[in-house]
Amino acid sequence: MATLYEAYFDGDIDIPGDLDAFLRNRNLFVNYSLTPRHFKWALTNFVPEVAIHSREQDRRIVREHYDRGNDFFGWFLGERMVYTSGFFQNPAEETCEQAQDNKMNLVAQKLQLKPGERLLDIGCGWGTLVRHTAKYYGTDSTGVTIAERQTEFGNQRIQDWGLEKQARVLCKDYREIPKQKFDKIVSLEMVEHVGVKNLVSFYEQVRDLLTDDGLFLLQWTGLRRGLRPEDLIWGLFMNKYIFPGADASLCPSPMLKAMEKAGWETHSVENISIHYSWTIKKWHENWLSNREAVIAAYGERWFRIWHFFLAWSVIIAEQGNAACFQVVLNKNLDHYDRTRWVKSKAAILGDRAESFEAPAAQAAE
C-alpha cells in the first residue's frame, strides 16, 4: 500500500477515474506488509514524536500542521472551519455546515449548557464552538489552541460577531491554562496530540479546572479493538503525512481506564464513527471542488496527498477501522444530582432533544 500511495504522491503513477471506487477494491491488488522504510521511519520519526510530547515539540509539530494556511483548511472544511466530526440527521441532504451546527448543538445539549456558565474548549481550532456557544447559549466561552493562525482567525470572527465580552481564543498549550474554574469543559479531537503517557495527567488537569458539579465532554478519533494489518499502515501513513506526533489509535478501553484513574465517572459513551465518515465525505467533495486553487497555492503533490487521505478516510471510518467517540464525564462522585441529566422525552444514554436547533434562531455567518 505504501509503495502505491508514495508513487501516486510523487507523480510516478496516476489513478484516473474515481479514486473512491479504486480504494474500495484496494484489497484485490495491494498488501499491507511492512517494508524497511516503514521500520526506519517509525524508529526515527514516529516513536520519538508519539512518545515524548514535550511542550516545545508539540508547539512545533502542531504549528507546522495547523498554521499551514487558513485557506488550505478552508478549501475542505468549508465556512464553519471545524476540523472535527459533524453529526448528521440526513446525510444525503444536509451540508457540511449543517452537520457541524448539529454537532455543536448536540455538544451543548449533552453538557446541559446554561446562560452565564463558563465554558472551556481545549484545542478549540478556529474557535467556532467558542463563538457558537457564546452566541446561541449565552455562555462565557474560552478556547485554547497553540496554533497562532487559528488564534488570530478565531478572535477576528469573535470580533466580527460582536462577542468580545463573552468569548475569546487564547494561544496557549493546554498545560499552560490558568488555574481557574469552569462550569463545563469540552475537548474535540485534541486528545490525540496529548500522548499516551500524558493521558492521566491531562484528565487530572481537566478535573482540577472543573467546578464540582461540572461536566466534561471528550470527543476523540481512534481505532476499534483488534487491529488489522491495514490499521498499522494507516497509522504510519497518518503520522507521516497528515498528523505528525498524533496518536489516533486509542480504542475506548484504555481511554476510559485513564479517565477513571484520574477520578472521573462516566455518564455516557457514544460511537459516532459513521458521522465521521459522512463528514470526511463532505470534506473530500469540498477538496475536489477547489482543486485548481489548491494546486496553484500548494502544488500538485499536496493536492494528491490530501485527495488520497480524504478518500481513504471515508472508507476506513465507514468500515469501522477508524472510529470516533463522544464521552461525557462528571467530576462529583458522591453528591452529584444525576437526575439533572434526564429530561422528558430524552434517553439517559446519548441524550437527544427533539431538534438540533440552538435556542436562538440561527444567524447567517
By Cβ neighbour count within 10 Å, fewest first, HIS275, HIS267, HIS132 rank HIS267, HIS275, HIS132
Could you work out the percent of alpha carbon pairs in segment 205-280 separated by over 18 Å, rounded to a whole number?
54
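Please go through the residue pairs LYS135/LYS184; LYS103/LYS281; LYS197/LYS257; LYS103/LYS240; LYS103/LYS172; LYS172/LYS261 and name each one whose alpha carbons sit more than 22 Å apart in this structure.
Numbers: LYS135/LYS184 16 Å; LYS103/LYS281 16 Å; LYS197/LYS257 13 Å; LYS103/LYS240 29 Å; LYS103/LYS172 25 Å; LYS172/LYS261 26 Å.
Pairs exceeding 22 Å: LYS103/LYS240; LYS103/LYS172; LYS172/LYS261.
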By Cβ neighbour count within 10 Å, fewest first, ILE122, ILE305, ILE315 rank ILE315, ILE305, ILE122
Cross-link reach list, aspartates and glutamates versus LYS179, counting only Cα pairs under 18 Å and skipping chain neighbours closer than eight places:
GLU117, ASP121, ASP140, GLU204, ASP208, ASP212, ASP213
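Pick out, in residue order, every one of the trypsin sites (Lys or Arg not before Pro) in segment 120-166 that is DSSP loop and has at most 15 other C-beta atoms within 10 Å; say none if there are none. It would help to have the intermediate numbers written out before the result.
Working: sites: ARG131, LYS135, ARG149, ARG157, LYS165; in loops: LYS165.
Passing sites in segment 120-166 are LYS165.
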Kirkwood-type radius of segment 2-333, with distances r between different C-alpha atoms, in Å
20.5
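Suppose every Lys and Arg Cβ carries +1 and every Asp and Glu Cβ carries -1, with no other charges. What dipole size does segment 2-333 come out with about its Cα centre, to the nearest 20 debye?
On the way: 39 positive and 43 negative charges, 145 e Å.
Computed charge dipole of segment 2-333: roughly 700 debye.
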Considering only DSSP states other than H, G, I, E and B, which chymotrypsin sites (Phe, Trp or Tyr not before Pro) in segment 131-226 qualify as loop sites with at most 15 other Cβ atoms within 10 Å?
TRP161
Whole angstrom only: what separates the Cα centroid of segment 140-180 from the Cα centroid of segment 263-307?
23
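All of the numbers you see were taken from the coordinates with simple rules; none came from a lab. It should be emphasised that the depicted structure is a prediction, and the values quoted were computed from it without experimental measurement. A quick note on method: Cβ atoms are made from the backbone with ideal geometry, for glycine too, and the neighbour counts reach across all protein chains shown.
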